[in-house]
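Please read the structure below before turning to the comments.
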Amino acid sequence: MKKNEVVVGGSYVAKVSGKLVPVRITGESKFGGWDAVNTQTNRAVRIKSAQRLRRPADAATKKAVASDNPLVQAEASEFTELLGKVTIDQLTDALAVKTLSAKKRSRIEAALANRTRKVDDAIADGRKAAAEGVAKTVAAVETGDLTKGVEVPTAATKKPAAKVAKAPGKMSGLDAAARVLAESAEPLNAKQIVEAMAAKGYWSSNAATPHATIYAGMLIEARKKGGDSRFAKVGRGQWGLTAAGKQAK
């Protein structure tokens, strides 16, 4: 196999001491290659090169190896540069790969939080600018002075917004996500949450990547509100409700 096809936590068939044995990669070795465990004997082994690994040994590893997500396949030398180039959707999809290394996962989560925070700030700035623009327009109309370059918005100048269908009562995306998690017997990832929200008629969106929006929203609430947040990460890419979230339902 190739070096970029080796994922920490993945299971492979490897050639060790002239025999093919099942191993699980536990981390990168300080001596080069990877540390691993022979899953038949539970003995530690070192995989000196990717060529020692013949093929993935389970479905999860096959999926991780087959992933075309650039962050999953990236070498350490290019990973940092890619973090600033990939989309929020690609960041979210990378976190859904169960065999992603803990180090990569932590850095991707930090990058996603930073990216969504910037989007949140941009939205807030946009609302502030829009409010200021409306105030100027109102003042100009009231004084009868429209010579200061104030533009009165018209139907022709308005950009169509993405259509969002909401259930009666105007349930928000995050409220709908909390309701879905409250009704689920197990943790869910962002895609599963969005699919359940739409199926139950709680909330839906025609945006290209609604699961990325919901994931980012839950992440932002969790980071901002801490123990008062309704959402908590309970596994790799998996979400559940906190005590506060269960009380709120």
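The values are calculated or read from the model by the stated rules, or taken from the named source; none is laboratory data. Values in this document were obtained by computation on a predicted structure and should not be read as measured data. Reconstructed Cβ throughout: ideal geometry from the backbone, glycine too, with neighbour counts over all protein chains shown.
Of the residues making up segment 173-189, those that are in a helix (DSSP H, G or I) and within 18 Å of Ala96 (Cα to Cα) number 2. Of the helices (runs of 4 or more DSSP H) that lie entirely inside segment 30-103, those containing 2 or more residues that are at pLDDT below 80 and crowded, with 16+ Cβ neighbours inside 10 Å span 59-66, 70-73, 88-95.
Among residues of segment 223-239 that are among the small types (Gly, Ala, Ser), those with a beta-carbon under 9 Å from a residue that is in a strand (DSSP E or B) and surrounded by 13 or more Cβ atoms within 10 Å (Cβ to Cβ) at least six positions away or on a different chain give the pairs Ala232/Trp239; Ala232/Gly240; Ala232/Leu241. Filtered by the rule that a residue be among the aliphatic types (A, V, I, L, M), surrounded by fewer than 19 Cβ atoms within 10 Å (Cβ to Cβ) and under 16 Å from Leu181 (Cα atoms), segment 197-221 gives Ala198, Ala199. In the set (1) part of a helix (DSSP H, G or I); (2) within 15 Å of the chain's Cα centre (by Cα), the condition left unmet by Gly227 is number (2). Give me the residue from segment 6-29 that is basic (Lys, Arg) and farther than 23 Å from Ala74 by Cβ and, out of that set, surrounded by the most Cβ atoms within 10 Å (Cβ to Cβ). It comes out as Lys15. Within segment 190-210, the set of residues being at pLDDT 90 or above and within 22 Å of Val97 (Cβ to Cβ) comprises Gln192, Ile193, Val194, Glu195, Ala196.
Scanning segment 11-57 for residues that are among the basic types (Lys, Arg) and in contact with a strand residue (DSSP E or B) (Cβ under 8 Å, 6 or more places away or on another chain) returns Lys15, Arg24, Arg43, Arg46, Arg52, Arg54, Arg55.
Scanning segment 2-26 for residues that are at positive phi and in contact (Cβ under 8 Å) with a residue 60 or more places away in the chain yields a single hit, Gly9.
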